[in-house]
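The values are calculated or read from the model by the stated rules, or taken from the named source; none is laboratory data. It should be emphasised that the depicted structure is a prediction, and the values quoted were computed from it without experimental measurement. Because the Cβ atoms are built from the backbone with ideal geometry, glycine has one as well, and the counts that use them run over all protein chains shown.
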Amino acid sequence: MKKKKVLIHGTLESLNNFFADKVSNDYEIAAILSDDDISSDFEVVKPQNLPKFVYELVDGIILTSPSGFLVKYFLKLGIKPRKIILWDVKEGWGTFNLPNSDGIQVIYFCGLEFHIRNEENIKFFNETHWRLQWQRRIKNLTPQNYPEVSTQIFQQVTRQPLDLTNPKTFTEKLQWLKIFDATPIKSRLADKYAVRSWISEKIGDEYLIPLLGVWNDFEDINFDDLPNQFVLKCNHGSGMNIIVHDKNSFDVQNARKKINSWLAIDYAYLFIELHYTRIDRKIIAEKFFANGDAPDIDNYKFWCFNGEPLFCGYDSGRTSDGNIDNLRIDYFDMNWKPNGFENGSHPNSDHPELIPKPKNFDLMKKLAAALAEGFAFVRVDFYEIEGKVYFGEMTFVPGAGNFYYKSEGTDEYLGGLLKLPDATPPTLL
């Protein structure tokens, strides 16, 4: 992702603290604004001496000594509130609030804008706030710290111990893989845009959902060029999708805020999934598909061990807007027989034996094997739409490895099937 060009404002001490923090590596510094005498490789000017038009040429002004007075000062200069970014050595990224013309409270945070109208808006802001603060914390760690952090997260979620020196269960081995097997090819295939060329090479274009556009910035999207229905998604993580059923009622402003927030997140930092950090963040639009009157299209997830698909997961109960509160997951063997595995967060359906086998099950098994070749573990997803197979995604660490099974012995059994490759040094985030 392109670095944002910014001006940095502060005292000698606060500026030194900022440049010692690894978040400073995410920005291209245009100049330093300070009243102190500072020896610097960058141009140093006093804020009052900088022509106002210069502020419009940069992506933001980072204030390293946050205060209400400073915010008001830059607002009086005519700076757009979204361009004012607060940073503090103790608190990290800061926020400030302003009402808009409709009286709605707007929170400005790290170059992002959040309009607070309801509980959903508050939830989305809190999630983004936590992610960016956590991202800063992880960014300042060394690779030697990654196993410790992964262990803490795993134990907090699953209430189970984690042994990365001698992993045995499936979830333990997934934790090991995301730190010690974060190879460049995994980065390419976890990228929802870059993976398309791999699919073309391995199995053919006919299995790709038609691509309608790709952009680096939301402002570059010309919605007049898109059909009435489409799917917008970011290419660098999970759950970053917007389904547009009717372009005429599509809330573009809300979509802009969501996608800009997603683009600010390096997905690798959330759960130490190192293969995500090499992905060049983009926005893509794909063709919208429907499954008759059903709320979601049929998605078949093939769990492949050492290049061989052994199990298939099938989701039901997901709503058209992506809500998973009532999600059920059933697992089948390669003869489409329920195998009794049960996820700890999403139970089996009441009658998995009544779920029909997909018409193209044998074809999907063959395609999954072709794509999984050479990987110790990967989950390969396909959709079956109107009798045709489409590729979904390749997931190397489902759920970031932070889940458990209700079915006794499943974690141990699956762990015995997974043969770990030789370790590679962890990538520095």
Cβ-Cβ under 9 Å pairs, at least 6 apart or on other chains, the stretch 107-124 side under 23 Å from Ile62 (Cα atoms) and assigned by TED's automatic domain parsing to the domain that holds Val252, far side of a type in the set (D, E, K, R) and surrounded by fewer than 16 Cβ atoms within 10 Å (Cβ to Cβ)
none
Among the residues of the stretch 239-252, the number that are in contact (Cβ under 8 Å) with a residue 12 or more places away in the chain and assigned to a helix (DSSP H, G or I) is 3
Search result, residues across the stretch 25-50 that are under 34 Å from the mean Cα position of the chain (by Cα), part of a helix (DSSP H, G or I) and surrounded by 13 or more Cβ atoms within 10 Å (Cβ to Cβ)
Asp26
Residue check, Pro66 against (1) surrounded by 15 or more Cβ atoms within 10 Å (Cβ to Cβ); (2) in a loop (DSSP other than H, G, I, E, B); (3) of a type outside the set (Asp, Glu); (4) modelled with pLDDT of 90 or more, all met but one. Which one?
(4)
Hits in the stretch 102-118 (condition: aliphatic (A, V, I, L, M) and in contact with a His (Cβ under 9 Å, 6 or more places away or on another chain))
Ile104, Val106, Ile107
Restricting to the stretch 152-195, and then to whatever is buried (at least 20 other Cβ atoms within 10 Å of the Cβ) and basic (Lys, Arg), can you tell me which residue is nearest to Glu273 (Cα to Cα)?
Lys178
Condition test on Phe341, is it surrounded by 18 or more Cβ atoms within 10 Å (Cβ to Cβ), in contact with a strand residue (DSSP E or B) (Cβ under 8 Å, 6 or more places away or on another chain) and assigned to a loop (DSSP other than H, G, I, E, B)?
yes
Can you name every residue in the stretch 180-238 that is among the charged types (D, E, K, R), touching a Lys or Arg at 6+ places or on another chain (Cβ under 7 Å) and not in a loop (DSSP other than H, G, I, E, B)?
Lys233
Just checking, does the stretch 257-274 include any residue being surrounded by fewer than 17 Cβ atoms within 10 Å (Cβ to Cβ) and of a type in the set (D, E, K, R)?
no
